[in-house]
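The values are calculated or read from the model by the stated rules, or taken from the named source; none is laboratory data. All figures in this text were calculated on a predicted structure; none of them were measured in a lab. Neighbour counts are summed over all protein chains in view; Cβ atoms, including those assigned to glycine, are modelled from backbone coordinates with ideal geometry.
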Amino acid sequence: MIRAEHIKFDYIRRDGEDNVIAVETAVNDVSFEVKPGEFVAILGHNGSGKSTLARHINALLVPEEGTMYVDGIDTSEKDMVWEVRKRAGMVFQNPDNQFVSSVLEEDIAFGLENAQVPEREVTSKVKAALELVGLEGYEKRSPSSLSGGQKQRAALAGVLALNPEILIFDEATSMLDPKGRREVLAEMKKLRDCGKTVVMITHDVEEAVLADQVILMGRPNGQKDPNTVLAQGSVREILTDSRLLIQAGIVPPMAVRMYEDLKLVGIELNRCPLTKEELAEALCRWKSEN
Ligand code: ADP
Ligand code: MG
């Protein structure tokens, strides 16, 4: 369970003499809840505070105001930081920045050793983690020799080796080609299906469609106010609401735009589709009925 209660966070810039020269409120009054086993997308345009929130979930940042709870633990409790990180693992945007070793199995083992996993368990845990992401047989490979999608799956294996309940993907597909993107999205679905809590951070509405719930981030009054949660609900509720999305600076899903354009020319589908498959289905239905 992840619970954010009225979180505020400022980035503070200091000059060489440690004087504060700028304060930027990245997020303000953010409250949301993610239940165990949910697949949630945190959706927002660039700069809407998504990464700031992600870093709060695994205690890389702690709120200035408000409280972040992960599995009931207040992340601002200093001696609980590792407990929080054990529960919430993160895969980042850049697949090249996530490895410390030039041999994949050593890289994953390093993370386990850091977490003080007994040495005799390390080999089997490395193997199991690579199997989970379909990279068995890649133990001796160098992470740099892998494709983008494989790199992100390898980074995920490093996180999964520690068996966290919560997986956070911070724009983990945004630097990948379409194939790599599909691979990583498939991993997210697989994790959700085996009961993990998945938090997908994205600016891509077509990816957010894959989640069950959406937390929409942005500034409520254009540039004046700091970022906060604009809306939270089921994928269907949030992503078919074009007005809301446009207000948040997000282009609605292609299927939703088509639905609305068709309505303007007198073609009324019986419900608003979210994906191109649903759109095709609704169009066939309309055709057979008209
Ligand atoms: P997102 O991940 O949605 O693109 P971020 O959480 O990275 O958004 O950023 C939210 C706001 O905080 C932005 O206005 C950004 O400019 C600012 N910000 C992010 N990181 C820093 C930083 N290290 N120093 C100063 N400001 C930052
Ligand atoms: Mg970001």
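Residue by residue through the stretch 218-259, note down the ones that are modelled with pLDDT under 95 and either part of a strand (DSSP E or B) or touching a Lys or Arg at 6+ places or on another chain (Cβ under 6 Å) (or both).
Asp225
I need the full set of residues from the stretch 44-65 which are within 12 Å of ligand 2 (Cβ to nearest atom), surrounded by 15 or more Cβ atoms within 10 Å (Cβ to Cβ) and not small (Gly, Ala, Ser), in order please.
Residues of the stretch 44-65 that are within 12 Å of ligand 2 (Cβ to nearest atom), as a first pass: 44-55.
In the following step, the residues that additionally are surrounded by 15 or more Cβ atoms within 10 Å (Cβ to Cβ) were identified as 44-45, 47-55.
Hits for the stretch 44-65 are His45, Lys50, Thr52, Leu53, Arg55.
Has the stretch 71-85 got at least one residue that is in contact (Cβ under 8 Å) with a residue 40 or more places away in the chain and of a type in the set (A, V, I, L, M)?
For the stretch 71-85, residues in contact (Cβ under 8 Å) with a residue 40 or more places away in the chain and of a type in the set (A, V, I, L, M): absent.
Could you check the stretch 108-119 and list, in sequence order, the residues that are more than 16 Å from Gly137 (Cβ to Cβ), buried (at least 20 other Cβ atoms within 10 Å of the Cβ) and among the hydrophobic types (A, V, I, L, M, F, W, C)? I'd like the intermediate steps shown before the answer.
We begin by selecting, within the stretch 108-119, every residue more than 16 Å from Gly137 (Cβ to Cβ); these are 109-119.
Filter again for buried (at least 20 other Cβ atoms within 10 Å of the Cβ), leaving 109, 111-112.
Scanning the stretch 108-119 gives Ala109, Leu112.
Whether any residue in the stretch 145-153 is within 16 Å of ligand 2 (Cβ to nearest atom) and either of a type outside the set (Val, Ile, Thr) or more than 28 Å from Val34 (Cα to Cα) (or both) is what I want to check. Can you show your working first?
Step one: of the stretch 145-153, the residues within 16 Å of ligand 2 (Cβ to nearest atom) are 152.
Still in the list and also either of a type outside the set (Val, Ile, Thr) or more than 28 Å from Val34 (Cα to Cα) (or both): 152.
Scanning the stretch 145-153, I find at least one residue that is within 16 Å of ligand 2 (Cβ to nearest atom) and either of a type outside the set (Val, Ile, Thr) or more than 28 Å from Val34 (Cα to Cα) (or both), so the answer is yes.
Of everything in the stretch 59-77 that's among the charged types (D, E, K, R) and assigned to a loop (DSSP other than H, G, I, E, B), which residue is farthest from Tyr11 (Cα to Cα)? Lay out the reasoning, then the answer.
Step one: filter the stretch 59-77 for residues among the charged types (D, E, K, R), giving 64-65, 71, 74, 77.
Checking which are assigned to a loop (DSSP other than H, G, I, E, B) leaves us with 64, 71, 77.
Values: Glu64: 10, Asp71: 26, Glu77: 20 Å.
Filtering the stretch 59-77 for residues that are among the charged types (D, E, K, R) and assigned to a loop (DSSP other than H, G, I, E, B), the one farthest from Tyr11 (Cα to Cα) comes out as Asp71.
How many of the residues in the stretch 77-91 are surrounded by 18 or more Cβ atoms within 10 Å (Cβ to Cβ) and not charged (D, E, K, R)?
Result for the stretch 77-91: 5.
Does the stretch 23-41 include one or more residues that are more than 16 Å from ligand 1 (Cβ to nearest atom), without any contact (Cβ under 8 Å) to a residue 60 or more places away in the chain and at negative phi? Full working, then the answer.
Here is the first cut: in the stretch 23-41, the ones more than 16 Å from ligand 1 (Cβ to nearest atom) are 31, 33-39.
Add one more test, that the residue is without any contact (Cβ under 8 Å) to a residue 60 or more places away in the chain, and what stays is 33.
If we keep only those that are at negative phi too, we end up with 33.
Within the stretch 23-41, one or more residues are more than 16 Å from ligand 1 (Cβ to nearest atom), without any contact (Cβ under 8 Å) to a residue 60 or more places away in the chain and at negative phi.
Mind listing whichever residues of the stretch 14-58 are among the small types (Gly, Ala, Ser) and either touching a strand residue (DSSP E or B) at 6+ places or on another chain (Cβ under 9 Å) or part of a strand (DSSP E or B) (or both)?
First, pick out the residues of the stretch 14-58 that are among the small types (Gly, Ala, Ser): 16, 22, 26, 31, 37, 41, 44, 47-49, 51, 54.
Scanning the stretch 14-58 gives Ala22, Ala26, Ser31, Gly37, Ala41, Gly44, Gly47, Ser48, Gly49, Ser51, Ala54.
Hey, could you check the stretch 66-75 for residues that are under 19 Å from Pro164 (Cα atoms) and of a type outside the set (Asp, Glu) and say which is surrounded by the fewest Cβ atoms within 10 Å (Cβ to Cβ)?
Going through the stretch 66-75, the residues under 19 Å from Pro164 (Cα atoms) turn out to be 68-75.
Add one more test, that the residue is of a type outside the set (Asp, Glu), and what stays is 68-70, 72-73, 75.
Working: Met68: 24, Tyr69: 16, Val70: 27, Gly72: 8, Ile73: 16, Thr75: 25.
It comes out as Gly72.
List the helices (runs of 4 or more DSSP H) that sit entirely inside the stretch 100-217 and contain at least 3 residues that are under 23 Å from Lys86 (Cα atoms) and not charged (D, E, K, R). Spell out the reasoning first.
Details: elements: 104-114, 119-132, 148-160, 178-193, 205-208.
The helices (runs of 4 or more DSSP H) meeting that bar are 104-114, 119-132, 148-160, 178-193.
Count, please, the residues in the stretch 90-149 that happen to be among the β-branched types (Val, Ile, Thr) and under 19 Å from Glu183 (Cα atoms).
Step one: of the stretch 90-149, the residues among the β-branched types (Val, Ile, Thr) are 91, 100, 103, 108, 117, 122-123, 126, 133.
Then drop every residue that is not under 19 Å from Glu183 (Cα atoms), which leaves 91, 133.
The number of residues fulfilling the criteria is 2.
Being basic (Lys, Arg) and within 22 Å of Glu106 (Cβ to Cβ) is the filter; apply it to the stretch 141-188 and report the residue that is surrounded by the most Cβ atoms within 10 Å (Cβ to Cβ). First the steps, then the outcome.
Initial filter on the stretch 141-188 (basic (Lys, Arg)): 141, 151, 153, 179, 181-182.
Next cut, within 22 Å of Glu106 (Cβ to Cβ) only: 141, 151, 153.
Numbers: Arg141: 16, Lys151: 23, Arg153: 26.
Filtering the stretch 141-188 for residues that are basic (Lys, Arg) and within 22 Å of Glu106 (Cβ to Cβ), the one surrounded by the most Cβ atoms within 10 Å (Cβ to Cβ) comes out as Arg153.
Residues being under 22 Å from Gln232 (Cα atoms) and surrounded by 16 or more Cβ atoms within 10 Å (Cβ to Cβ): count how many of those fall in the stretch 255-274. I'd like the intermediate steps shown before the answer.
Initial filter on the stretch 255-274 (under 22 Å from Gln232 (Cα atoms)): 255-257, 271-274.
Next cut, surrounded by 16 or more Cβ atoms within 10 Å (Cβ to Cβ) only: 255-256, 272-274.
The total comes to 5.
So, Glu105, is that one more than 20 Å from the chain's Cα centre (by Cα), within 15 Å of ligand 1 (Cβ to nearest atom) and surrounded by 13 or more Cβ atoms within 10 Å (Cβ to Cβ) or not?
Details: more than 20 Å from the chain's Cα centre (by Cα): yes; within 15 Å of ligand 1 (Cβ to nearest atom): no; surrounded by 13 or more Cβ atoms within 10 Å (Cβ to Cβ): yes.
No.
Would you check which residues across the stretch 42-66 are away from ligand 1 (no atom under 15 Å from the Cβ) and in contact with a His (Cβ under 9 Å, 6 or more places away or on another chain) and list them?
Here is the first cut: in the stretch 42-66, the residues away from ligand 1 (no atom under 15 Å from the Cβ) are 59, 65-66.
The answer is Glu65, Gly66.
Consider Glu33 against the criteria (1) crowded, with 20+ Cβ neighbours inside 10 Å; (2) closer than 26 Å to Lys189 by Cβ; (3) modelled with pLDDT of 95 or more: it satisfies all of them except one. Which criterion is unmet?
Glu33 satisfies every listed condition except (1).
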